[in-house]
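Please read the structure below before turning to the comments.
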């Protein structure tokens, strides 16, 4: 049994073995459950917990009341458990500290599961607390009772069920609180499941919280930071020095601007392009950044001319299938870097996977002053990026309709400085990656751990609760899938604009073989899935200001006015799935026409030296 799987059965019983409470759960007029919960909450607040999302229910009453009573913690009450859990993800991801989500017993706990999986795969620290029935009500078909033990399987970093609190257990309550919250912030941050059983009565007065007997330990950092050994570093330096290479950076590459700067500096010293997406933290206007790789590599001649010898990969996968296929077919030596050995390799292309912090390795390599790639290689990529950005800008500006690529560009541009953009999986995250220019004053998040469309609006609400002005870019199906997030949203003190691309169905499927290989009726029924819902009316039914725009100028005007007043607004942009496919094709053609002569010309002028294959060491 690993340490992450070990529950409290291997440590002193947090419930204690002192004198039992009376049948009403009270000791000296105070509720043991209330005192237990007040102690947990006090310890969590001392350790830095600031956000808690509570899904209402009866069995969770003692902890809900304790959270509400502590003014150090912002408590949001959310009707739907699934929405509540995704809001906790948003708050934790934006603040980079654990958040808490609480629900009652029974199927309420099962509703957390999708968000727990996402937090697990996106490495987001969330303390998942489920209330449960006491042991005497288990296995006797008591109402609202299911088996909640290890409900989320291996998706949690730690699971613990301490049993109903009893008098005499106080000495271990703070230990339990520290263990639970601290394990969300280990080497790989993620969810922890604390399953707390409570006996009736569920409402009662708390005694003074159990005193702390030692100084509170700080939470661990969100992942260890270390570099390579001298031997490993030397081998890697030999591989990258003087080679034609590419750095590919996906989500979670950089946790802060300083880390992003180091990765950019390494790419610059090597003379390599830095191909990255917005959630990587590296996509700024630095000269090394390439934001148009997907469009560049759709042109066969350009893709062949820019084929690398070495690839350094960090973070998650980018959304571009074109990029993935190009890397897989390049024949390049590919090396992965990750602080927690979470290096995706679905195409089985990695020659080496190094467990190290990318920014630390970047600093180590910079000290060695590696030889840069041939100048023609560096200039070819930079010239290609300039030409592609120019072609995209011109083509998008020539179209007065709000195409889906143009929506991504305009939405990113409209986020206030210091604000956040939350992007749905499916087409929105791809349009942002493929067409939007870099921007370094906006924090971008997407639930790309499991790549689902569920909980996107809820995640954006969670981000907004941290105080950032927030914009969400979602498709119509993602908006409908998470429509329970709209309940009582008008009363929330958040600054949030939700932009919905409404093409009446699943737009991404129009790019897949199913669109041309299936009869139209079958495709529409299984994949197009038109919903026919008036999304403006849906938002308005929840009391939210909502408008529909039909032109790009109208979208830009709506976005410009959205943040002039605090609150929640919904902007629906009407799209067309078939037209969207055509727009993507025309943009790729425009980029190919602009870039092909630039790349071939630069490489020819530089006498492009093919070099020799890199050695794996």
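The values are calculated or read from the model by the stated rules, or taken from the named source; none is laboratory data. Nothing here was measured: the structure is a model prediction, and the numbers come from that model. Don't worry about glycine lacking a Cβ; one is built from the backbone with ideal geometry, like all the others, and counts go over all protein chains shown.
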Original post:
Quick check: is even one residue across region 250-262 buried (at least 24 other Cβ atoms within 10 Å of the Cβ) and more than 23 Å from residue 94 (Cα to Cα)?
Top reply: no
Original post:
Within the group 323, 317, 297, 306, which residue is at pLDDT 95 or above and under 18 Å from residue 343 (Cα atoms)?
Top reply: 323
**OP:** Could you check how many residues of region 369-383 are out of contact with any strand residue (DSSP E or B) (no Cβ under 9 Å at 6 or more places or on another chain) and not in a helix (DSSP H, G or I)?
**Re:** 5
**OP:** Name the single residue, out of those in region 453-475 being surrounded by fewer than 24 Cβ atoms within 10 Å (Cβ to Cβ) and touching a helix residue (DSSP H, G or I) at 6+ places or on another chain (Cβ under 7 Å), that is nearest to residue 576 (Cα to Cα).
**Re:** 453
**OP:** Six or more apart or on different chains, Cβ under 8 Å: which pairs go from a residue in region 544-563 that's without any contact (Cβ under 8 Å) to a residue 40 or more places away in the chain to one that's part of a loop (DSSP other than H, G, I, E, B) and surrounded by fewer than 19 Cβ atoms within 10 Å (Cβ to Cβ)? Could you list them?
**Re:** 545/567
**OP:** Name the one entry in 560, 488, 553 that is more than 24 Å from residue 410 (Cβ to Cβ) and surrounded by fewer than 14 Cβ atoms within 10 Å (Cβ to Cβ).
**Re:** 488
Original post:
Out of the residues in region 45-56 that are under 20 Å from residue 463 (Cα atoms) and touching a strand residue (DSSP E or B) at 6+ places or on another chain (Cβ under 8 Å), which is surrounded by the most Cβ atoms within 10 Å (Cβ to Cβ)?
Top reply: 53
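Table: residues versus (1) in a loop (DSSP other than H, G, I, E, B); (2) over 26 Å from residue 114 (Cα atoms); (3) out of contact with any strand residue (DSSP E or B) (no Cβ under 8 Å at 6 or more places or on another chain).
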position	(1), (2), (3)
472	no, no, no
480	no, no, yes
509	no, no, yes
523	no, yes, yes
533	yes, no, yes
536	no, yes, no
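Kindly indicate whether residue 124 is part of a loop (DSSP other than H, G, I, E, B) and either without any contact (Cβ under 8 Å) to a residue 24 or more places away in the chain or farther than 12 Å from residue 198 by Cα (or both).
yes
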**OP:** Give me a count of the residues in region 100-115 that are within 27 Å of residue 343 (Cβ to Cβ) and surrounded by 24 or more Cβ atoms within 10 Å (Cβ to Cβ).
**Re:** 1
Original post:
With 505, 520 as the choices, which residue is more than 22 Å from residue 555 (Cβ to Cβ) and more than 23 Å from the chain's Cα centre (by Cα)?
Top reply: 520
Original post:
What about residue 490, is it under 24 Å from residue 80 (Cα atoms), under 17 Å from the mean Cα position of the chain (by Cα), not in a strand (DSSP E or B) and not assigned by TED's automatic domain parsing to the domain that holds residue 323?
Top reply: no
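Of the residues 59, 82, which is in contact (Cβ under 8 Å) with a residue 40 or more places away in the chain, in the same structural domain as residue 145 (by TED's automatic domain parsing), surrounded by 19 or more Cβ atoms within 10 Å (Cβ to Cβ) and in a loop (DSSP other than H, G, I, E, B)?
Details: 82 fails: in a loop (DSSP other than H, G, I, E, B).
From the options 59, 82, the qualifying one is 59.
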Original post:
Is there a residue in region 319-336 that is closer than 20 Å to residue 606 by Cβ and crowded, with 20+ Cβ neighbours inside 10 Å?
Top reply: yes
Original post:
From 386, 342, which residue is not assigned by TED's automatic domain parsing to the domain that holds residue 281 and not in a strand (DSSP E or B)?
Top reply: 386
Original post:
Of the residues 53, 97, which single one is under 19 Å from the mean Cα position of the chain (by Cα), under 26 Å from residue 189 (Cβ atoms), touching a residue at least 60 places away in the same chain (Cβ under 8 Å) and in a loop (DSSP other than H, G, I, E, B)?
Top reply: 97
Subject >> region 62-77, residues that are without any contact (Cβ under 8 Å) to a residue 40 or more places away in the chain and over 22 Å from residue 173 (Cβ atoms) >> reply: 77
Original post:
Given the structure, is residue 182 under 24 Å from the mean Cα position of the chain (by Cα), surrounded by fewer than 23 Cβ atoms within 10 Å (Cβ to Cβ), farther than 14 Å from residue 37 by Cα and not assigned by TED's automatic domain parsing to the domain that holds residue 340?
Top reply: yes
